[in-house]
1. Return one whole number: the accessible area per residue of the range 6-135 in Å², for a 1.4 Å probe.
2. Quick query: amide H of LEU85 versus all other amide H atoms, modeled in the peptide plane; which residues come in under 5 Å with a sequence gap of 5 or more or a different chain?
3. Under the rule of -39500 (n - 2.57) per DSSP H run of 4 or more residues, summed and divided by the residues of the chain, what mean residue ellipticity at 222 nm is obtained, to the nearest 500 deg cm²/dmol?
4. Expressed as a whole percentage, what fraction of the accessible surface of the range 83-170 belongs to carbon and sulfur atoms when a 1.4 Å probe is rolled over the protein heavy atoms?
5. Skip the ligands, DNA and RNA, and give the accessible area per residue of the range 140-304 with a 1.4 Å probe, whole Å².
6. Please report the spacing between the Cα centers of the range 10-55 and the range 141-215 in Å, no decimals.
7. Could you work out the local net charge near VAL320, counting Lys and Arg as +1, Asp and Glu as -1, over the other residues with Cβ closer than 9 Å to its Cβ?
8. Measuring from label point to label point, each 7 Å out along Cα→Cβ, what is the ARG156 to LEU77 span in nm?
Amino acid sequence: MGATGSIGTQTLDIISRFPERFRAEALSAATSAEKLFDAARRFHPLCCALQKETAIPEDLKGIEWFFGPDANERMLLAARPDDALCAVVGIAGLSSVLTALDVCERVLLANKEALVTGGRLVMDKSERLERELLPVDSEHSAIFQCLKARENNPVRRLILTCSGGAFRTWDKKAIYNAKASDALKHPTWRMGGKITTDCASLMNKGLEIIEASWLFGVPQDRIDVIIHPESIIHSMIEFSDGAYLAQMACPDMRGPISYALGHPQRVEYGGKELDLAKIGQFSFFRPDTERFPCLGYAREAISKGGAYPVILNGANEEAVSAFLGDRIPFGKIAETVRYALDTCPDVPVSCFSEVLEADRAARRAARRFLEEK
Ligand code: MG
């Protein structure tokens, strides 16, 4: 799901290298119909889905097509694959993840907003149905790999590394006035517009704290963030004796994708070898929540709990979309999130429809703020 985006196309690259091992049974995209048609011609899936009803080329009519806002869910129910990889952007992926947990043995999760907004629902369902939930986010994949070596020892802290994003060295005023074209220059990873903007505001790292908290059952105050511009250490764990375990590799999303696809076996996906002597040195910095307030807002949202992570995420999605459309400067993203956290009430989020309602309220607040100020 999300087959035409950055994660989706890299996943298909790995699948194409191992045709005897992996097969794409179903492929979906939100709106990139032409790209999905190309992928369907290469991979011959049984089913495909698009959010918008689209005319299907003659040569692809043997595939079962699904359209509409619930197209992913109906596609999963028809194809019933062993594994589902969800790389949908935003809370839009939550219902796909929940359906994938019903249908598939393993769910490979690249859609962090599903855990940010519906963490309780996703974790409860995966436990109840005994589904394997495998992280595709590089930091969470790194922690998952490190935790395998813990041998029942308690873990003191998780340490998420962070590239620092496009504005790591910028001053506060320049960051405030930055435009979409500035934010989209990510120093080390090539990704879609939403996540690259979230990297620049450090909201991505905030969302990842929430994601890690759900995935690994660790409270936010035991999840640290450290800026590591080289993006070679993908994350670390610390034991009670002060020892660290880190996972390192070249920054290539095919690493975490192939690890989840092949788990528990590693897959030689054809990435670059890590040349530590060439890199020379690693650097580390404490994140600056003064210049990047979204990181602090995310911590606040997860520690308050309830609807606050949903409110944080909804306001952020709405503001990032306005930012990417060049309607607001970068600094307005954090202000919008702050406004929504301050004005939206904490409401129950114990089922899917309540989560969606809290999300809609946050988006209304965000739009109100952006129209008025
Ligand atoms: Mg990540």
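The values are calculated or read from the model by the stated rules, or taken from the named source; none is laboratory data. For clarity, every value in this text was computed on a predicted model and none was experimentally measured. All Cβ positions, even for glycine, are placed from backbone atoms using ideal geometry, and neighbour counts span all protein chains on display. We work out accessible area using only protein heavy atoms, side chains counted, and drop any ligands, DNA or RNA first. Shrake-Rupley method; radii C 1.70, N 1.55, O 1.52, S 1.80 Å.
1. Value for the range 6-135: 44 Å² per residue.
2. LEU108
3. My calculation for the chain gives -14500 deg cm²/dmol from helical runs alone.
4. Ligands and nucleic acids excluded, carbon and sulfur give 42 percent.
5. That works out to 47 Å² for each residue.
6. Value for the Cα centre distance between the two parts: 28 Å.
7. -2
8. 5.0 nm
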